[in-house]
Amino acid sequence: MRSSASPRSTSRRGSSTDERNARHGRSRGADAVDGLWLALALLAGVYLVAVIEEWSATGRVRPAVPLLAGLATLGRESLVPRRSDRILFEAAAPLLLGAALLAAAVLPLAPGLIVADLATGALFINAALVYVVVALVMAGWGPDAAYAMVGGWRFLGQLVAYGMLIVMPLTAVAMRAASLSTTAIVASQAALPNALAQPLGFVLFWLAALAVCFLPPFDLPTAPGELAGGVFGEYTGARLATMRLARLALILTLAAAIAVFYLGGWLGPVLPPWAWTAAKTLAVAAALLGLGRFVPRLRGEQLLAWGWQFGIPLALVNIFWVGVTLLLV
Amino acid sequence: MTGQLIAVAFFGLAAIGFGAGVFLTRSMVRSALALLAAMAALGGLFLALEAEFLGVLQLMMMGTEMTLMAIFMVMFMMDPGGLGQMEMTHQKRTARAAGRSGAWPRPGWRSGPGGGGGPALHQRPSCRIAPWGWRSWSA
Amino acid sequence: MTPLQQYGLLLGMVVATVGLVATVYLIARSLGKTRGEPGKDVPFTGGTLSPKPAWVRYHIHYYGFALLFLAFDMEMAFMYPWAVVYQELGLTALLDMGVFLAILFLGLLYGWSQGAFKWQ
Amino acid sequence: MTPLLAALLVGAALFGIGLYGALSQTNLVMIMMGVELMLGGAMVNLVAFWRHLHPEVYAGQMFVLIVMTVMALEAAVGFGVAIARFRAKGSVEMEEAAELRG
């Protein structure tokens, strides 16, 4: 909302407004170069997340494996199940990738190094992540296969469990920054990162991030060993390669989101800003991929019951806590 | 101004197209997802009209709401995949007249074909659903 | 950049994503074609052939959660503008939203007591 | 044609499609989809009038927020009715619900 987000926040933080204007004045001349850096960062990030995923699964660091596996997947046959709903089947993979990339586009890598510094950034990232669910429901319904459909509808149930735990902690973050813009949110953590200022929100958002990118404790839609691939089950060849790429991009996006919203983003001593964001993002990605493997998979009913009986009351407590601390400090 | 007009026309036509698609397809999930796409196009329209908060909010809210609508459709319909033959509409003439008068100001507007009853689909039990294919069945 | 230009940039990103996916598909197609063999395109059903389509009624078990989710999701729409102006308004904002959230939370508790949070 | 006129035409067309759907469909959830489209058309009008008549008064956006809330809660209440009806009768076809006269 322009009335409340940008003008008011800028009126309060005159200095950051000047910075932002100066930055835009600079970046108008260097848009193409910035875009190149952002694209390179995205590619490198996805590749590194793939390496980390391989490490978390096998315990070995083999940098060539993602490239070879990607080429091998591309070389395989790409089948379309008979009687499938062609539109939904084909639209799912690009939609999943697009949702992940749109969510990544509002996260700053460094001051000025951001695709779109929206006044509604924290809201936009929610909106983009909703379409992850839409894509997986499409992928589940499209191929007319029983396992895929079960996976798709399960993920919708997972959304009902984790959806509020994405938006409510982000609201608390926006309260502290008095703005929805992601750069303002990073700037608000100069004194104390949000992970320490609102630890409850940090934990809840972490769990919700795991659920969004359906990583191990919450991997209900794919459920290896139970659902025969689930929503990914009927995808082969190039389509499967796109789906996996989208999932890696999603993990990268959520890791970057945790780094930006809770760990202070580019803020840090000595190193240049982009290096801090990169280091924090990769550390979070490694933790996201590694820690969940030691936890057994939650059943859907447990996930829903715990999400609503504990998660939402705790998220409300978090908002209240942030509100009171903001009034007192 | 012209840029805004182009954006409004683009998203508006997308919204109208998907909105018509809601009642032209027989697959329930397609129907719900077409409504989702129409609402997302409306979100784009709001953004084009410079209502930032409302546009992004519309994209977010309707995403969850219409996906949940899809699962409710699948629960309640006898035939959510739209594979069999089932009459799903009634009072066609009244509905068509009302819809036409509701949208009267649009020049050259003709209301969508009157939904309903494609003949004898069960003769082709494994037919693949044609893209937004209603015509191909009822022809 | 104005906000409209930024949203235009994001729209361009969506188009670029579709182009990227199309490029990947074209690369894959150039590597080799799919051989048409009978039975290859049957969806996996655990070794048996299912005569019926999978598109049938599906019994989700989380009705109560889903209905409450619709209401709670919409409630968040009011909290975003509130969060932005919270520090400006101070205690007033906390009390206002506190009453709103208290009523909402009572609704949650009522739903809980009526068995909405059950896997039905 | 101005953006205002274009937006109003979009709103009218969506309202018409929604009205057609709400009247012609027999299934409760499909009727709700028609109602959602009608509300969507109304929202387009509200946003277009806000933008082109009083863009400086942000209270105009509040109407749209309220309509959006109505849409979500209409869906929630409608699904609640549909679940109750389905448990009682095993179907949500409105032609079989003739006893639900107001």
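Criterion applied to D:E36, D:E95 was being among the acidic types (D, E) and either without any contact (Cβ under 8 Å) to a residue 60 or more places away in the chain or not in a helix (DSSP H, G or I) (or both), and the one residue passing it is D:E36. Taken over the stretch D:1-58, the criterion of being β-branched (V, I, T), facing chain B (nearest Cβ under 7 Å) and within 17 Å of B:R96 (Cα to Cα) is satisfied by D:I17, D:T26. Among what's in the stretch C:69-106 and is under 20 Å from B:E65 (Cα atoms) and more than 8 Å from chain A (Cβ to nearest Cβ), pick the residue that is surrounded by the fewest Cβ atoms within 10 Å (Cβ to Cβ). Here the answer is C:F78.
Against the list (1) under 18 Å from B:A32 (Cβ atoms); (2) within 13 Å of chain C (Cβ to nearest Cβ); (3) free of Cβ contacts under 8 Å to residues at least 24 places away in the same chain; (4) not hydroxyl-bearing (S, T, Y), the condition D:R87 fails is (1). Looking only at the stretch C:16-47, count every residue that is outside any helix (DSSP H, G or I) and surrounded by 11 or more Cβ atoms within 10 Å (Cβ to Cβ) and tell me the total. Adding up the residues that qualify gives 8. Taking each residue of the stretch A:155-180 that is at negative phi and looking for partners that are charged (D, E, K, R) with beta-carbon atoms closer than 7 Å, six or more apart or interchain, yields A:G163/C:D73. Being free of Cβ contacts under 8 Å to residues at least 12 places away in the same chain and in a helix (DSSP H, G or I): is that true of A:A255 here? Spelling it out, it is not the case that A:A255 is free of Cβ contacts under 8 Å to residues at least 12 places away in the same chain and in a helix (DSSP H, G or I). Scanning the stretch A:278-305 for residues that are part of a loop (DSSP other than H, G, I, E, B) and loosely packed, with under 15 Cβ neighbours inside 10 Å yields A:V295, A:P296, A:R299. Counting the residues of the stretch A:187-216 that are closer than 12 Å to A:G311 by Cα and out of contact with any helix residue (DSSP H, G or I) (no Cβ under 9 Å at 6 or more places or on another chain) gives 0. Of C:Y62, C:Y86, C:Y58, all but one fail to be without any contact (Cβ under 8 Å) to a residue 12 or more places away in the chain and under 21 Å from A:G140 (Cα atoms); the exception is C:Y58. The combined condition, being outside any loop (DSSP other than H, G, I, E, B) and either within 30 Å of A:A172 (Cβ to Cβ) or of a type in the set (D, E, K, R) (or both), is fulfilled by A:L123.
All of the numbers you see were taken from the coordinates with simple rules; none came from a lab. These figures come from a predicted structure and were not determined experimentally. Note that each Cβ is placed from the backbone with ideal geometry, even for glycine, and that neighbours are counted across all protein chains shown.
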